[in-house]
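Here is the structure we will look at, set down as structure tokens.
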Amino acid sequence: MFESIKKNIKQALLIDYVDLEIDVKSIQLELLFDEKGDLTTNICMQYAKLLSSSPKKIAESILQNFKHPLIKEIQLAGPGFINFFFNDDGFESLLKFQKEPNSQAKSINIEFVSANPTGPLHLAHGRGAVVGDVLSNLYEFNGYKVDREYYVNNTGNQINEFLSSILFSISETHSLSLPYQQYYKGDYIKEIANSCYEKFKESINDNISTDQKNEIANFAIDNLVNKSLEVLKSSNINFNSVIYETDIMKKNHFSKALSVLKDKKLVYDGKLKQPKDYKKTKKENNISIFKSSNFGDDEDRALTKNDGTPTYFANDIAYHLDKVDRGFDKLINIWGADHLGYLTRLKSALKSVKDDIDFEVVFCQIVNLKRNNVIQKLSKREGTILELDSLINEIGTDNFRYFMCYRKNDTHMDLDIDLIKKENKENPIYYIQYASARTFSVLKKKNDIVDKSLIWSSELKILYKKLFQWHDVITQASNRNEVHLIAHYLENLASCFHSYWSASKARPELRFLDDNQNISSHHEYLLTRFQSTLNDGLSILGIKSKTEM
RNA sequence: GCACUCGUAGCUCAGUAGGAUAGAGCACCAGAUUCCUAAUCUGGGGGUCACAGGUUCGAUUCCUGUCGAGUGCGCCA
């Protein structure tokens, strides 16, 4: 419909400007939601320079020559905008528009949460979890085949320290005086330590074999990972695959990647300046270094450690190449703000190995918790860490999901616990669900469907235009990986509906049901269309729409 | 110090591939309701879009600088 209007704009222009070369796609035609009109284009201002003419003169030409069966009036406005007004057919055709099914089903891997398996999930993970899940829903809605992935970094020092902390706890509880240090604290360590002791008490002594240690560590890691997955599952966040770093390492992707990078002269053997707090092996071995400074990184980055083992960076390259091997067309990672500086190095390394890789990262900024109007600084040291589990229990799944994705993902956010818990009109979810409930109420009470034409009040026009906008919203949300657009649209859509509803208080002829509780076929279609749009939007957010309050 | 993200109403935040009078919710003020659920609606006050330059028909949006906030800056993961 927009296309045919654009085509007619072009034709109108060509009458006075015969030589003008103009691509229909370049014509911007946007919906208006106020009394200025229904559609607008700025084409006259765009082409003023090229045609060496004033916008208003060009506009006059269009005004004179433009015709379209769905447009009843066009006006010149402001500095050179052309505004269009729909006729009744024009408005009705807005809801005839149907989304075309996506024929080329692409596959996409979305990796999110991927928390270190050394502690329970907390607030910061919550935002990434919801954004990742909602983004997955969105891509699925758009016809993609989505794989939701959770990655477990079960190697490295952190695991040694984790295990040491568990053994320390066991030693303390059972007065065994084993030689282990405490790195991680907290009740969860004690709990895991107890489970480990129950299972492995036979072999826990002064001299635990390496194999036994690995077994204990793996048991403890699985314990934590499963607990985290359970917490997420309780909010309907589920994963298709859980991938362990150790399994990826076995596949040898890294050595292949290394040789590609070496061929491209992007890797050299050498030394980097000694890192801070460098107390471990002081060997002066050369290490493999990736020239990430070629790609705008601050400095080159180590791929191997002094003892020859791969760094986290190296394993991460391998992990992402494994995703490519598994045949995904597109990769998206959800990362916390603490990884901002890490993107350049990983992306440039991946592009260097495989230049056609479609790899994007969505960053989730810090979430502050606000209680009693005071922002609480959450820190492990202060003991003010809030486990995700208890947050969700406190505010409920729907609130958790909604409030974690109604702000743009890459800006800081204050989560006002007191406001969320109010569960009244200040809470947007209730506002949206109330609109849904109203539609169900009408359809439940209706008697017969009658043939009666619509009265095009300004509120109804806006509601039609808003419903039409849904397709643009999901397109833009997935193009930009911004899920908050959906939440905002739903609030907006609900608001348009409530306005129309209330307008009928003053004008009873606008009501859905007449005196005999009959409904017009147009109204019935409008209501079901509204319901399905609301329902689509809410299910992308992972929230159930209500049929009654 | 360097890099990235950001600075919009009293508060929490949208918006900006450069466009008309910069929006919403909350708070505040004034109204609406025999009615399909008042968990709603309508109207009002409230802004130097941090500041200063630049680019042009036009800048909150792009560029540069300044100030302020946050995050990151390991051969940790």
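Values quoted throughout were computed directly from the atomic coordinates according to the rules given, and no laboratory measurement underlies them. For clarity, every value in this text was computed on a predicted model and none was experimentally measured. When we count neighbours, we look across all protein chains shown, and the Cβ atoms used for this are built from the backbone with ideal geometry, even at glycine.
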### Query
Using all Cα-Cα distances in segment A:403-470, what percent lands in each 10 angstrom bin from 0 up to the longest?
14, 28, 33, 17, 8, 0
## Note on the structure
To the nearest 20 debye, chain A has a Cα-centred charge dipole, built from +1 on Lys and Arg Cβ and -1 on Asp and Glu Cβ, of 680 debye
#### Entry: Cβ-defined net charge surrounding A:Tyr244, 12 Å radius [Lys, Arg +1; Asp, Glu -1]
-3
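Please identify the chymotrypsin sites (Phe, Trp or Tyr not before Pro) of segment A:103-212 that satisfy two criteria: DSSP loop assignment and at most 12 other Cβ atoms within 10 Å. Which are they? Could the numbers behind the result be given before it?
On the way: sites: A:Phe112, A:Tyr139, A:Phe141, A:Tyr144, A:Tyr150, A:Tyr151, A:Phe162, A:Phe168, A:Tyr180, A:Tyr183, A:Tyr184, A:Tyr188, A:Tyr197, A:Phe200; in loops: A:Phe112, A:Tyr144, A:Tyr180, A:Tyr183, A:Tyr184.
Here no chymotrypsin sites (Phe, Trp or Tyr not before Pro) fit, given the DSSP loop and packing criteria.
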## Note on the structure
Surrounding charge for A:Gln181, neighbours by C-beta under 12 angstrom, Lys/Arg +1, Asp/Glu -1, total -1
### Message
Where in chain A is the longest stretch that carries no GluC sites (Glu not before Pro) classed as loop by DSSP and with at most 16 other Cβ atoms within 10 Å?
### Response
A:36-283
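Suppose every Lys and Arg Cβ carries +1 and every Asp and Glu Cβ carries -1, with no other charges. What dipole size does segment A:210-337 come out with about its Cα centre, to the nearest 20 debye?
360 debye
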### Query
Measuring from centroid to centroid over Cα atoms, what is the spacing of segment A:335-355 and segment A:31-58 in Å?
42 Å
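Counting other C-beta atoms within 10 Å, which of A:Tyr244, A:Tyr402 has the fewest, and how do the rest follow?
Details: A:Tyr244 19, A:Tyr402 24.
Final ranking by Cβ density, sparse to dense: A:Tyr244, A:Tyr402.
Antiparallel versus total DSSP beta bridges in chain A: what percent is that, nearest 5? Walk me through the numbers on the way to the answer.
On the way: 25 of 50 bridges.
The antiparallel proportion sits near 50 percent.
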### Message
Quick check on segment A:448-549: what are the equivalent-ellipsoid semi-axes from the Cα gyration tensor, as sqrt(5λ), descending, whole Å?
### Response
28, 14, 12
### Rg to Rh, two decimals, where segment A:32-93 supplies the alpha carbon set and Rh follows Kirkwood
1.01
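Using the Kirkwood radius over C-alpha pairs as Rh, can you work out the diffusion coefficient of segment A:110-215 via Stokes-Einstein at 20 °C, viscosity 1.002 mPa s, in µm² per second?
Details: Rh = 16.0 Å.
Here the translational diffusion coefficient equals 134 µm²/s.
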### Query
Which net charge results for the neighbourhood of A:Phe86, defined as the other residues with beta-carbon distances under 11 angstrom from its beta-carbon, given Lys and Arg at +1 and Asp and Glu at -1?
-2
### Summary
Counting sequence-distant residues (5 or more places) and residues on other chains, those with an amide H built under 5 Å from that of A:Val362 are A:Asn333, A:Ile334, A:Trp335
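Suppose we keep just the DSSP beta bridges with both residues in segment A:1-155; what percent of those would be antiparallel, to 5? Present the calculation step by step, with values, prior to reporting the outcome.
Details: 13 of 18 bridges.
Of all bridge pairs located within segment A:1-155, approximately 70 percent are antiparallel.
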### Computed helical MRE - 222 nm, chain A, DSSP H runs ≥ 4 contributing -39500 (n - 2.57), nearest 500
-15000 deg cm²/dmol
### Summary
A correct Karplus calculation of ³J(HN,Hα) over segment A:326-337, with 6.51 cos²θ - 1.76 cosθ + 1.60, θ = phi - 60°, whole Hz and x for Gly and Pro, returns 6, x, 6, 7, 8, 10, 10, 10, 9, 10, x, 4
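Against the globular-protein guess of 2.2 N^0.38 Å, express the Cα radius of gyration of chain A as a ratio, rounded to two decimals. Spell out each step's value before the answer.
Working: Rg = 29.7 Å, N = 549, 2.2 N^0.38 = 24.2 Å.
Against the compact-globule rule of thumb, the ratio is 1.23.
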### Task
Quick one: angle between helix A:312-325 and the longest Cα principal axis of chain A, in degrees between 0 and 90, rounded to 10, please.
50 degrees
### Message
Which one, A:Tyr489, A:Gln433, A:Ser457, projects farthest toward the positive side of the charge dipole computed for segment A:370-514 from Cβ point charges (K/R +1, D/E -1)?
### Response
A:Ser457
### Query
Against the longest principal axis of chain A, how steep is helix A:428-445, in degrees 0 to 90 to the nearest 10, with axes from Cα atoms?
50 degrees
### Message
If you average 1/r across every pair of different Cα atoms in segment A:169-300 and take the reciprocal, what Kirkwood value do you get, in Å?
### Response
19.4 Å
